[in-house]
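K.L.:
Please see the structure below; I have some questions.
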Amino acid sequence: MTTAEQPLLSVRNLVKNFSVKGGVFRREVDRVHAVNNVSFDLEKGETLGVVGESGCGKSTTGRCILRLIEPTSGEIWFQGNDVTAMGKAELQAVRRDMQIIFQDPYASLNPRMTVGAIIGEALTIHKLAATPKEYEARIVQLLETVGLNPDHMRRYPHEFSGGQRQRIGIARALAVSPKLIVCDEPVSALDVSIQAQVINLLEDLQEEFGLTYIFIAHDLSVVEHISDRVAVMYLGRVVELAPSRELYTSPLHPYTEALLSAVPIPDPSIKRERIRLVGDVPSPIRPPSGCHFHTRCPIRQLPLCSTEIPDFEEKRPGHWAACHLR
């Protein structure tokens, strides 16, 4: 049981490295440092937005939490249990409470299965429907919950639009009545008008079922509307974590400031100075020493920023950042 003192999810010093193999014998010649010492807590009913450029480790972090990818090191505590120490049987039981909505609604649905079979697969695996009648009734209920017609259960994924397919993916995640859902860029492949519909649906479902979200995205304007707190990642590290409103109005880290300066403002009377970062994102195989961002930072001070890793510390109440100069 979770209590007021115990978060639903606690991630501590999460690390994930991928081997780079080469040569005749396919030996490890290098490592990709995808996730580097990530830590955060997530309260029940909260939405944590995770943002950053492509390749910063957002999706890898989400999949490590679910153990779809095995973490290299670190701890993942869910409802007081260490997920990283669980065996196969324990993990299957806890996966009823931890689900994922994938980024690509075209690739994440099996084209050879009907919608009913896709949604009902988890019901079969976890033995949540005692009879065929109960099984079908649950699928109909899930389809109606996400705004689809019950008749759709006998159709195939290719018969639906992108937004409808993502609704099917959401229904599949809801089938086992989870407590935590990792939303891995769930609207990035959709048209802007459809994005708003899917985000509104996710917010309604959260209120109705008391869900907790990790909402991964690269679009800061999308994350702003759904998140209670936002974590900004750069090259495998969380560089800033703050309540959503405070992060958007008073960012501390130079990288967050640069990201926010690129978000369009609908009011033409408001002018925002664009912060242009020099250079490209360094390789995660050989990340820079010290602060990973120092090679592109407009306020860096050498040699401090290039030699010492900044502590991820609470600069203001509830507002964390990893920067020597802020």
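The values are calculated or read from the model by the stated rules, or taken from the named source; none is laboratory data. As the structure is a prediction and not an experimental result, all values here were calculated from the model. Counting neighbours? That spans all protein chains shown, and the Cβs are built from the backbone with ideal geometry, glycine included.
K.L.:
Output the number of residues of the stretch 302-326 satisfying the condition of being more than 16 Å from LEU252 (Cβ to Cβ) and assigned to a loop (DSSP other than H, G, I, E, B).
P.N.:
Final tally of qualifying residues: 4.
K.L.:
Moving to a separate point now. State which residue is farthest from ALA322 (Cα to Cα) when the search covers only the stretch 249-270 and only residues that are touching an Asp or Glu at 6+ places or on another chain (Cβ under 9 Å) and crowded, with 18+ Cβ neighbours inside 10 Å.
P.N.:
Going residue by residue through the stretch 249-270, those that are touching an Asp or Glu at 6+ places or on another chain (Cβ under 9 Å) are 251-253, 255-256, 259, 261, 263.
Going one step further and asking which of them are crowded, with 18+ Cβ neighbours inside 10 Å, we end up with 251-253, 255-256, 259.
Details: PRO251: 12, LEU252: 9, HIS253: 7, TYR255: 11, THR256: 11, LEU259: 16 Å.
For the stretch 249-270, the residue satisfying everything is LEU259.
K.L.:
SER19 versus (1) in contact (Cβ under 8 Å) with a residue 60 or more places away in the chain; (2) surrounded by fewer than 20 Cβ atoms within 10 Å (Cβ to Cβ); (3) hydroxyl-bearing (Ser, Thr, Tyr): which is the lone unmet condition?
P.N.:
(1)
K.L.:
Right, next: Just to be sure I understand, how many residues within the stretch 71-88 are in contact (Cβ under 8 Å) with a residue 40 or more places away in the chain and either out of contact with any Lys or Arg (no Cβ under 9 Å at 6 or more places or on another chain) or more than 17 Å from TYR213 (Cβ to Cβ) (or both)? Break it down stepwise before answering.
P.N.:
Taking the stretch 71-88 as the starting set, the residues that turn out to be in contact (Cβ under 8 Å) with a residue 40 or more places away in the chain are 71-80.
With the extra rule that they be either out of contact with any Lys or Arg (no Cβ under 9 Å at 6 or more places or on another chain) or more than 17 Å from TYR213 (Cβ to Cβ) (or both), the set shrinks to 71-75, 77, 80.
The number of residues fulfilling the criteria is 7.
K.L.:
Restricting attention to the stretch 28-77, report how many residues are of a type in the set (Ser, Thr, Tyr) and either farther than 23 Å from ASP280 by Cα or part of a strand (DSSP E or B) (or both).
P.N.:
Counting residues in the stretch 28-77 that are of a type in the set (Ser, Thr, Tyr) and either farther than 23 Å from ASP280 by Cα or part of a strand (DSSP E or B) (or both) gives 4.
K.L.:
If SER161 satisfies all but one of (1) within 20 Å of GLN197 (Cα to Cα); (2) touching a residue at least 40 places away in the same chain (Cβ under 8 Å); (3) among the hydroxyl-bearing types (Ser, Thr, Tyr), what's the number of the condition it fails?
P.N.:
(2)
K.L.:
Output yes when any residue across the stretch 242-249 is touching a residue at least 60 places away in the same chain (Cβ under 8 Å), closer than 30 Å to ASN37 by Cα, part of a loop (DSSP other than H, G, I, E, B) and hydroxyl-bearing (Ser, Thr, Tyr), and no when none is. Walk me through it before giving the result.
P.N.:
Taking the stretch 242-249 first, the residues touching a residue at least 60 places away in the same chain (Cβ under 8 Å) are 242-244, 246-247.
Going one step further and asking which of them are closer than 30 Å to ASN37 by Cα, we end up with 242-244, 246-247.
Next, only the ones that are part of a loop (DSSP other than H, G, I, E, B) stay: none.
The answer is no; no qualifying residue exists.
K.L.:
Which is on the phi < 0 side of the Ramachandran plot, touching a His at 6+ places or on another chain (Cβ under 8 Å) and modelled with pLDDT of 90 or more, of LEU235, LEU252? If you could, list the steps in order and put the result at the bottom.
P.N.:
Working: LEU235 fails: on the phi < 0 side of the Ramachandran plot.
Every option except LEU252 fails the conditions.
K.L.:
Conditions first: (1) on the phi > 0 side of the Ramachandran plot; (2) in contact (Cβ under 8 Å) with a residue 24 or more places away in the chain. GLY279 passes all but one, so which condition is the exception?
P.N.:
(2)
K.L.:
Out of everything in the stretch 162-189 that is among the polar types (S, T, N, Q) and part of a helix (DSSP H, G or I), what residue ends up being surrounded by the fewest Cβ atoms within 10 Å (Cβ to Cβ)?
P.N.:
Step one: of the stretch 162-189, the residues among the polar types (S, T, N, Q) are 164, 166, 177, 188.
Subsequent filtering for residues that are part of a helix (DSSP H, G or I) retains 164, 166.
Values: GLN164: 20, GLN166: 29.
Out of the qualifying residues, it is GLN164.
K.L.:
If you don't mind, another one. Yes or no: GLU207 acidic (Asp, Glu) and free of Cβ contacts under 8 Å to residues at least 24 places away in the same chain?
P.N.:
Details: acidic (Asp, Glu): yes; free of Cβ contacts under 8 Å to residues at least 24 places away in the same chain: yes.
Here the answer is yes, as GLU207 does meet what is asked.
K.L.:
Do we find that LEU252 is assigned to a loop (DSSP other than H, G, I, E, B) and under 20 Å from ALA231 (Cα atoms) in this structure? Show your work before the answer.
P.N.:
Numbers: assigned to a loop (DSSP other than H, G, I, E, B): yes; under 20 Å from ALA231 (Cα atoms): yes.
Answer is yes for this residue.
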